[in-house]
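Reviewing the structure listed below.
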Amino acid sequence: MRVVVDLSRCEGYAQCAFLAPDAFRMHGEEALMYDPEPDDAQRDRVLRAAAACPVQAILVDRLEGRTERRDAPLEASRP
Ligand code: SF4
C-alpha cells in the first residue's frame, strides 16, 4: 500500500504514531517520519491512523493508479 502525509498540514498530534507505530513515528515533538510503502499487514492500522488524523493529512493509496504495482483490479468487481 502507498501512504503520503501532507506535511504542510500535519500538526504533529501523533495520533498516527500511536495507532500505527510501525508506519508512523514522531521525531522530536513535531517532526513526523513515516513509511511511504507500509506492508499490507499494516493496512487496518494505517487506515485507522488516517481516519484519526485531526487534519486529514494522511492519504492512503491515492497514488496507486499511477504505478505499475496495482494488485487486484477492484473496478472489475463493480456491477
Ligand atoms: S495524526 Fe495527522 S497531524 Fe498528527 S502527526 Fe499524524 S499526520 Fe500529523
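The values are calculated or read from the model by the stated rules, or taken from the named source; none is laboratory data. Note that the coordinates shown come from a computational prediction; the quantities given were computed from them, not determined experimentally. Positions of Cβ are generated from backbone atoms using ideal geometry, with glycine treated the same way; all protein chains shown enter the neighbour counts. For accessibility, only protein heavy atoms count, side chains too; no ligands or nucleic acids. Shrake-Rupley method; radii C 1.70, N 1.55, O 1.52, S 1.80 Å.
Each label point was placed 7 Å from the Cα along the Cα-to-Cβ direction; for ASP44 and ARG2 their separation is 2.6 nm.
Summarised in one figure, the compactness ratio Rg/Rh of region 3-63, Cα atoms and Kirkwood Rh, is 0.91. Charged side chains reduced to their Cβ positions (Lys and Arg at +1, Asp and Glu at -1) give region 13-57 a dipole of some 180 debye around its Cα centre. Solvent exposure of region 3-63, expressed per residue, is 63 Å² of accessible area, with all protein chains present and a 1.4 angstrom probe. Highest mean packing first, where packing is the average number of other Cβ atoms within 10 Å per residue, the peptides 27-38, 47-58 line up as 47-58, 27-38. Protection proxy ranking of 1-8, 19-26, by the mean of other Cβ atoms within 10 Å over each peptide's residues and highest first, is 19-26, 1-8.
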